[in-house]
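Here's the structure, in structure tokens; my notes come after.
Readers should treat all values here as calculations from the given coordinates under stated rules, not as data from a laboratory. Because the structure is a prediction, the values reported are computed rather than measured. Positions of Cβ are backbone-derived with ideal geometry, glycine not excepted, and every protein chain shown enters the neighbour counts.
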Amino acid sequence: RRFGELTYAPPHDLEPPEGFPEIYTVDPRRLAARFGRDQREIHERNRDRRPGWHSDVTPAINPPWASILRADVVPEVGGDTTWTNLVSAYESLSPPLRRLADELRAEHRYGVGYGANSAAARKRFEENPLVAHHPVVRVHPETGEKALYVTPGFTSHILDVTPEESRRLLDLFFNEINQPEHQVRFRWRPGDVAFWDNRSTAHQAPRDVP
């Protein structure tokens with residue numbers, strides 16, 4: 001709260017702890033309790049097949065500018081987080097592509113890259129859609145830097161172009177976001193805290209663990 005008004009936990013994720021609506025708990029035991037063991041395993045397998053890069057809650061009109069994550073229980077293998085620098089990704093585009101990206105807007109929605117792996121999830125997204133339109137390039141309000149503001153996790157399409165043009169443009173932008181020279185990987189230890197800026201980064205859990 002010292003950094004500003006807190007955002008509620010994403011509406012389509014598991015319920016936050018009682019009395020703390022701003023906290024989202026990442027815990028496989030909660031999946032098991034909600035879906036059952038078999039359903040949790042299906043959920044996890046499908047999750048591994050979905051693109052993971054995202055900036056938090058961009059389908060909201062006013063997404064949170066930052067996120068804080070604290071490690072409590074950490075697996076012996078896996079559980080890392082990778083961040084990609086969206087400013088660096090934008091600056092790596094050629095000047096003509098940067099000028100084009102500057103003029104574009106895109107739609108962000110829940111169910112594009114995350115969670116739409118069951119009929120129940122799809123129904124939940126349809127009954128309570130969370131959709132927002134944002135510029136493809138966001139200007140950071142404090143640094144003035146420009147950053148790509150599209151990710152496979154939430155961006156559905158670019159507005160005012162054909163579906164084929166949207167797909168090709170997003171593939172190009174997503175490919176740049178995924179370049180290793182823009183990335184850093186963090187290995188968690190119990191008690192670690194990460195604090196990142198969603199306006200200039202995207203993150204994911206690497207899929208290199210069996």
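Taking 7 Å steps out from each Cα toward its Cβ at residue 20 and residue 70 produces label points 0.6 nm apart.
The phi torsions of the stretch 145-158, fed into the Karplus equation with coefficients 6.51, -1.76 and 1.60 and a -60° offset, translate into couplings of 6, 9, 9, 4, 10, 9, 8, x, x, 9, 7, 8, 6, 8 Hz, rounded to whole numbers, with Gly and Pro shown as x.
Between residue 97 and residue 133, the FRET efficiency from the beta-carbon distance, with R0 = 25 Å, is close to 0.75.
Quick one: what do you get for the stretch 135-210 if you divide its Cα Rg by 2.2 N^0.38 Å? Can you show the working numbers first?
Details: Rg = 15.0 Å, N = 76, 2.2 N^0.38 = 11.4 Å.
After normalising by residue count via 2.2 N^0.38 Å, the value is 1.31.
The spread of Cα positions in the stretch 62-210, taken along each principal axis and listed from longest to shortest, comes to 46, 39, 30 Å.
To the nearest 20 Debye, how big is the dipole of the stretch 117-200 about its Cα centre, given +1 on the beta carbon of each Lys and Arg and -1 on that of each Asp and Glu?
I would put it at about 380 debye.
Residues whose amide H falls under 5 Å from that of residue 130, counting only those 5 or more places apart or on a different chain, are 110, with hydrogens built in the peptide plane. Backbone geometry of the stretch 79-95 corresponds, through the Karplus equation with coefficients 6.51, -1.76 and 1.60 at θ = phi - 60°, to 3J(HN,Hα) couplings of x, 5, 10, 10, 10, 10, 8, 6, 5, 4, 4, 4, 5, 7, 5, 5, x Hz, x marking Gly and Pro.
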